[in-house]
Amino acid sequence: MIRVTLLDGSARDVEEGTSFLEVAEGISPRLAKTAVCARWNGELHDLREPVPGDGALAVIGPGEPEALETLRHTASHIMAQAIKRQFPKVRLGIGPAIEEGFYYDLDLPTPLVEEDLEKIATGMREVIAADLPITRKDLSKAEARALFEKRGETYKLELLEDIEGETVSVYEQGEFVDLCRGPHLRSTGALRADAVKLLSIAGAYWRGDEKRPMLQRVYGTAWEKAKDLEQYLWRLEEAAKRDHRKVGKELDLFSIHEEGGAGLICWHPKGARLRRTIEEFWYAEHDRRGYEIVATPHIGKEQLWTISGHLGFYRENMYSPMDIDGVDYFIKPMNCPYQILIYKTRTHSYRELPMRMAELGTVYRYERSGVLHGLLRVRGFTIDDGHIFCRPDQVDEEIRSVYDFAVGMLTTFGFREFDIYLATRPHAGKAVGEPERWEQATAALRAALDARGLPYKVDDGGGAFYGPKIDIKVKDTLGRPWQCSTIQFDFNLPERFDMTYIGEDGAEHRPYMVHRALLGSLERFIGCLIEQYGGAFPVWLAPVQAVVIPIADRHNEYAANLALHLRDAGLRAQVDDSGERMNSKIRAAQLNKVPYMLVVGDREAESEGASVRLRTGEDKGTMKLDLFLQTAKGIIDSKSLEVWAA
RNA sequence: GCCCGUGUAGCUCAGUAGGUAGAGCACCCCCUUGGUAAGGGGGAGGUCAUCGGUUCGACUCCGAUCGCGGGCUCCA
């Protein structure tokens with residue numbers, strides 16, 4: 001007998017060989033009817049599998065994340081089946097469920113085109129309508145090998161070799177068989193045809209390796225109900241509207257030029273204004289927290305990059321050298337070497353540590369053309385780059401304060417969702433520095449994370465070769481994570497540059513070095529900001545905070561004076577004295593997402609006031625200028641995400 | 001870099017079985033001076049990404065290059 005513990009804590013004993021489904025039936029026939037898969041001791045299993053031994057069982061029904069994952073995995077099989085019917089020569093790669101859908105990688109002699117998606121979708125509807133039972137079979141590796149050899153599925157054979165253990169499972173539905181761990185739905189008809197949609201075709205290297213064949217990947221999405229699919233598609237549309245490349249053009253923030261070069265950003269006046277506001281805030285915060293601001297050159301001699309090791313380990317991201325008086329100079333891909341040179345200009349006492357140095361340093365890195373993406377992935381960018389040089393006993397405190405600084409910064413800008421990673425020592429001996437230092441450094445990072453209680457994931461072995469790190473990513477509207485903050489230990493550069501400080505004992509010691517960027521790069525960060533707000537920035541960031549709108553030309557003078565007054569008070573204000581009608585001016589300001597529109601006509605000129613309209617569409621009515629200024633300044637100074645105070 | 005797609009006025013997009021192009025917005029001019037999301041009229045603006053090939057003739061077909069988009073890989 002096997003003892004199965006249920007969710008409510010009760011237990012029941014079942015015969016060996018009993019399937020999860022049978023257990024579910026024993027609990028309640030209704031549960032069994034809607035059940036999708038089983039979670040057994042924390043692992044997902046197919047309902048048809050026999051219970052392997054004593055353990056805890058949760059029967060997963062609709063509405064749970066695992067159910068959606070199972071359904072998507074089945075959708076990918078159904079798609080593969082439909083594709084195989086249309087293109088018998090296809091060889092299958094892998095076809096997993098992903099965050100919001102599924103894909104299947106295929107090797108096809110001819111490229112798929114958009115129209116093929118519709119045909120494949122039709123084929124899928126047929127498979128779903130046929131309601132083919134999905135069965136699971138355990139095979140020995142030899143049996144499986146024979147099966148996939150017969151079918152010419154060379155990629156499956158390769159996968160088979162990498163699976164540990166002697167038996168593998170395959171899933172069958174009608175004529176379709178796939179090597180698969182499962183779990184799956186019970187029949188193809190369990191998927192709703194109106195809740196599935198094929199989205200796109202893309203290229204993908206077999207097993208992500210560019211030395212291997214390029215396969216074709218078909219992306220799709222699948223949901224429990226048609227309504228869920230609709231909602232998802234609506235979300236995609238909304239996200240597209242906020243795309244920073246589109247919004248950046250509409251709001252006249254930045255441009256990229258074919259003549260200038262891919263991945264190189266030109267900031268227009270309004271984008272530059274936004275950037276400057278961020279920089280000013282950034283400088284103020286760094287002053288407050290005891291950073292020394294520095295500035296370093298854009299190019300440096302080969303010698304510098306040899307000492308730093310960049311020419312050894314970072315060369316492929318660096319641009320070709322330029323010859324200056326017979327010496328090779330390189331455009332900097334990082335700021336750290338120069339900051340270290342600054343540190344090294346004199347001896348340092350243990351008393352003056354920690355030393356915190358920072359700059360908005362513009363670097364250039366070679367990125368392959370295919371990865372460039374608006375502001376989010378560029379070739380020239382400005383890192384808000386800081387380096388902390390400290391004693392071992394100061395590390396904990398420094399890490400904690402940098403971490404708080406980073407989270408506080410991102411929070412001020414209105415980001416609420418973070419993915420936090422702790423990346424630890426790389427395996428296979430690819431790390432520099434003694435293991436004890438790694439342990440201490442990793443412990444310091446972990447302690448900072450634990451102290452703040454935000455959830456984080458451990459990226460085992462994901463650290464740089466020179467030290468462990470914390471990465472903080474924010475999510476854009478498409479749900480794509482973008483790395484902003486990073487806090488990285490460095491055991492490498494202090495050695496290479498022979499950095500020292502004089503300790504209490506009068507002897508030379510090696511300082512600890514921490515690289516940190518809070519916003520990441522200004523380009524990427526602004527890209528994220530644009531998407532976060534769809535261009536309707538918090539008032540303190542808005543490139544133009546107020547537009548004064550004269551109703552008729554005779555109000556232009558009053559409007560100009562008003563704008564002057566606002567600018568004196570520190571607001572970024574403009575007058576719209578174009579010959580347009582008031583309605584048209586309001587529309588223009590609205591489309592530019594200007595937070596405040598101050599309409600002025602005879603009444604306002606008379607009363608020394610303005611009629612205040614917010615970009616939310618709200619009309620606050622006519623008010624004295626002072627009252628408006630007071631409220632607006634309150635919003636701006638507090639960096640509120642609201643446009644108006646209640 | 002690789003796979004697929006794509007590139008027409010400042011912007012968003014039509015268009016041609018291959019015979020050198022059109023709209024709306026924006027811009028300029030004129031009329032209108034209007035109370036909370038587009039007043040009316042007129043005008044100017046394009047070697048149809050670039051280079052090469054096929055053709056009597058290419059914006060249209062083919063190739064290459066560059067850019068852009070969706071992915072793969074990589075990163076701030």
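The values are calculated or read from the model by the stated rules, or taken from the named source; none is laboratory data. Keep in mind that this is a model prediction, so the values were computed, not measured. Counting neighbours? That spans all protein chains shown, and the Cβs are built from the backbone with ideal geometry, glycine included. Surface areas here come from the heavy atoms of the whole protein model, side chains and all, with no ligands, DNA or RNA. Shrake-Rupley method; radii C 1.70, N 1.55, O 1.52, S 1.80 Å.
Take every Cα pair under 8 Å whose residues are at least 6 apart in sequence, average their separation, divide by the length of region A:546-637, and the relative contact order is 27 percent.
Rounded to the nearest 500, the helix-only mean residue ellipticity at 222 nm of chain A stands at -11000 deg cm²/dmol, with each DSSP H run of n ≥ 4 adding -39,500 (n - 2.57). Fully extending the segment from A:ALA58 to A:GLU434, taken as 0.36 nm per residue of separation minus the present Cα-Cα distance, adds 130.9 nm.
Taking 26 Å as the cut-off for C-alpha to C-alpha distance, list the pairs among A:LYS225/A:LYS473; A:LYS241/A:LYS332; A:LYS301/A:LYS473; A:LYS593/A:LYS620; A:LYS84/A:LYS156; A:LYS593/A:LYS639 that go past it.
Violating the 26 Å limit, Cα to Cα: A:LYS225/A:LYS473; A:LYS241/A:LYS332; A:LYS301/A:LYS473.
Using the Cβ-Cβ distance between A:ARG276 and A:GLU316 with R0 set to 51 Å, the FRET efficiency works out to roughly 0.95. Entry note, region A:366-447: relative contact order of 31 percent, from Cα contacts under 8 Å with a spacing of 6+ residues.
The angle between the Cα long axis of helix A:625-637 and the longest principal axis of the Cα atoms of chain A comes to about 50 degrees, rounded to the nearest 10.
Rounded to two decimals, the Cα-based Rg/Rh of region A:66-240, with Kirkwood Rh, is 0.96.
In region A:485-586, with Lys and Arg counted as +1 and Asp and Glu as -1 at Cβ, which of these residues, A:LEU518, A:HIS565, A:SER485, has the Cα nearest the positive end of the dipole, that is, farthest along it? Looking along the dipole axis, the top candidate is A:HIS565. The angle between the Cα long axis of helix A:522-533 and the longest principal axis of the Cα atoms of chain A comes to about 70 degrees, rounded to the nearest 10. In order along region A:295-307, the Karplus-derived 3J(HN,Hα) couplings, from 6.51 cos²θ - 1.76 cosθ + 1.60 at θ = phi - 60°, round to 9, 10, x, 8, 10, x, 5, 3, 3, 4, 6, 6, 4 Hz, and Gly and Pro are given as x.
Calculate how large, on average over all directions, the projected area of the Cα convex hull of region A:347-503 is; give the answer in nm² to one decimal.
Averaged projected area of region A:347-503's Cα convex hull equals 10.9 nm².
Model label sites at A:ILE293 and A:GLU495, defined 7 Å from Cα along the beta-carbon direction, differ in position by 3.6 nm. What's the long-distance tail for chain A, i.e. % of Cα pairs beyond 33 Å? Distances greater than 33 Å cover 62 percent of the Cα pairs.
For the pair A:SER607 and A:LYS141 in one chain, pulling the backbone fully straight at 0.36 nm per residue adds 158.9 nm over the alpha carbon distance.
Each of A:MET1, A:THR345, A:ALA97 was scored by the projection of its Cα onto the charge dipole of chain A, and the greatest displacement toward the positive side belongs to A:ALA97; charges sit on the C-beta of Lys, Arg, Asp and Glu. Of the solvent-accessible surface of chain A, computed with a 1.4 Å probe over protein heavy atoms with every protein chain present, carbon and sulfur atoms account for 49 percent.
For A:GLN86 and A:ASP162, what does the FRET efficiency come to when R0 = 45 Å and r is the distance between their Cβ atoms, rounded to the nearest 0.05? That pair, A:GLN86 with A:ASP162, gives E of 0.95. Computed from Cα atoms, the angle from the helix A:269-288 axis to the main principal axis of chain A rounds to 90 degrees.
The label-point distance for A:SER638 and A:LYS211, in a model that sets each label 7 Å from Cα toward Cβ, rounds to 6.0 nm. Note: relative contact order over chain A, using C-alpha pairs below 8 Å and six or more positions apart, is 8 percent.
For region A:397-505, the solvent-accessible area works out to 43 Å² per residue, with a probe of 1.4 Å and every protein chain left in place. The residue among A:HIS427, A:PHE330, A:ALA146 whose Cα reaches farthest toward the positive pole of the charge dipole of chain A, with charges on the beta-carbon of Lys, Arg, Asp and Glu, is A:PHE330. Between the amide H of A:SER485 and those of A:ILE472, distances stay under 5 Å, these residues lying 5 or more places away or on another chain, with hydrogens modeled in the peptide plane. Shape analysis of region A:2-61 places it in the rounded category; the axes a ≥ b ≥ c from the Cα gyration tensor give an a/c below 1.5. Using only side-chain charges placed at the Cβ, +1 for Lys and Arg and -1 for Asp and Glu, the dipole size of region A:66-240 relative to its Cα centre rounds to 420 debye. Note on A:LEU236 and A:ALA560: their simple-model spin labels are 5.2 nm apart, each label 7 Å out from Cα toward Cβ. For A:GLY461, the residues whose amide H sits under 5 Å from its own are A:THR424, A:ARG425, ignoring neighbours fewer than 5 places away on the same chain, with H placed 1.01 Å from N.
In summary, the aspartates and glutamates within cross-link reach of A:LYS633, defined as a Cα separation below 20 angstrom excluding same-chain residues under 8 places away, comprise A:GLU279, A:GLU280, A:GLU285, A:ASP568, A:GLU608, A:GLU618, A:ASP619, A:GLU642. Qualifying GluC sites (Glu not before Pro) in region A:98-182, where qualification requires a DSSP coil assignment and no more than 15 other C-beta atoms within 10 Å, comprise A:GLU99, A:GLU164, A:GLU166, A:GLU175.
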